[in-house]
Structures are given as C-alpha cells and as structure tokens.
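Below is one structure, written out as structure tokens; the observations come after it.
Coordinate-derived values only; no laboratory data. Source: prediction; values computed, not measured.
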Ligand SMILES: Cc1cc2nc3c(=O)[nH]c(=O)nc-3n(C[C@H](O)[C@H](O)[C@H](O)COP(=O)(O)O)c2cc1C
C-alpha cells in the first residue's frame, strides 16, 4: 500500500536503460488491471529508441521529458464504443497499475495524456505508425529518477459524502 503514497510524477531521469525484463513486468502489471466485461481493449507499444523518444517529446507542450526518458509505454485502444464504452476507464486503470509497478521497482514515471487531444495523439500515431482505427490513450514516460519527491497529501475530507450527497 505504501507504493500508492510514494508514487509521484517523475520528469527527470538518469542516463540509464531499463531492462527488457522490467519493461515487460510493467506491461504485465498494466494488463492485471480490472476491465469492464473483461474486454481489455488495449495494446501497448514499448519504445526505447532514443531517436523515437526524441520525436515523441516534440508532440506537445507537456511531454518534453521524453527526450531524457529511458523508455516510454504507449497505451493504444481500438476505442470502439460499441464494443466497450468503458475503454477509457479500462485504459486509465492500466496506466495507474503501470505507474504503481514502476514506483515499486524504483523506476520514475509520468502519465502523459493523449486522448482526447486528437491533434497531439495524431502526431504520436504518425511517429509510431499506429493504424488509423486506434486511438492513443496515453504515453507513460519512464526512467530512473534523479529527483526525490516527497509524497503528496491528497486527502480532502470535504470531498467525501457519507450515505447520501
Ligand atoms: C489524465 C492525465 C494526464 C496527464 N498528462 C500529463 C502530461 O501530459 N504531462 C505531464 O507532465 N504530466 C501529466 N500528468 C501528470 C499530472 O500532472 C500529475 O499526476 C499531477 O500534477 C499530480 O502530481 P503527482 O503525479 O506527482 O502526484 C497527467 C495526469 C493524468 C491523470
């Protein structure tokens, strides 16, 4: 449980690779997330090529850290609302699982939003040659962090209602 409280967005990384085993472990943790009707409407692209990471870092205002990242995991979905209208919720659960597994493995991570920013995600699609029928849900930037961040205090009792609103 401590991992939940330790997780922070990390955007500065050492120049150190993440092993394939650990990257696979992260994706495995992602796939362990709950999924509505167990549809699991997602696939993954693991990127470690510096040239591609550099290109991805230029797709938007808030993803510059990819330039220094050891890897990125891009979560894509066929995003077919008829098949499952819960695809975004499913993908969100996947992303959080990966962030928590990364924290547990002492790998820094940051969630980079893609969908519904179509302009940005189209650039990602082009760089990664993702077929048109897919949507890019999110990119996770990964690397061994160079910053120690204190846990956030995100507990807001005023947001909680008991029994009824
Ligand atoms: C849907 C979503 C999209 C996000 N997109 C970005 C992003 O594009 N770039 C970024 O640096 N951080 C992004 N974040 C990370 C948030 O900025 C971060 O979680 C928030 O500031 C709280 O900080 P913490 O993660 O360290 O607790 C995103 C988070 C979520 C949940």
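Applying D = kT/(6 pi eta Rh) to the chain, where Rh is the Kirkwood radius over alpha-carbon pairs, T corresponds to 20 °C and eta to 1.002 mPa s, the Stokes-Einstein value obtained is 130 µm²/s. Considering only alpha-carbon pairs that sit under 8 angstrom and 6 or more positions apart, the relative contact order computed for the chain is 34 percent. Beta bridges assigned by DSSP with both partners in the chain are antiparallel in approximately 95 percent of cases. Report summary: the helix-based calculation at 222 nm, which adds -39500 (n - 2.57) for every DSSP H run with n ≥ 4 and divides by the residues of the chain, gives -9500 deg cm²/dmol.
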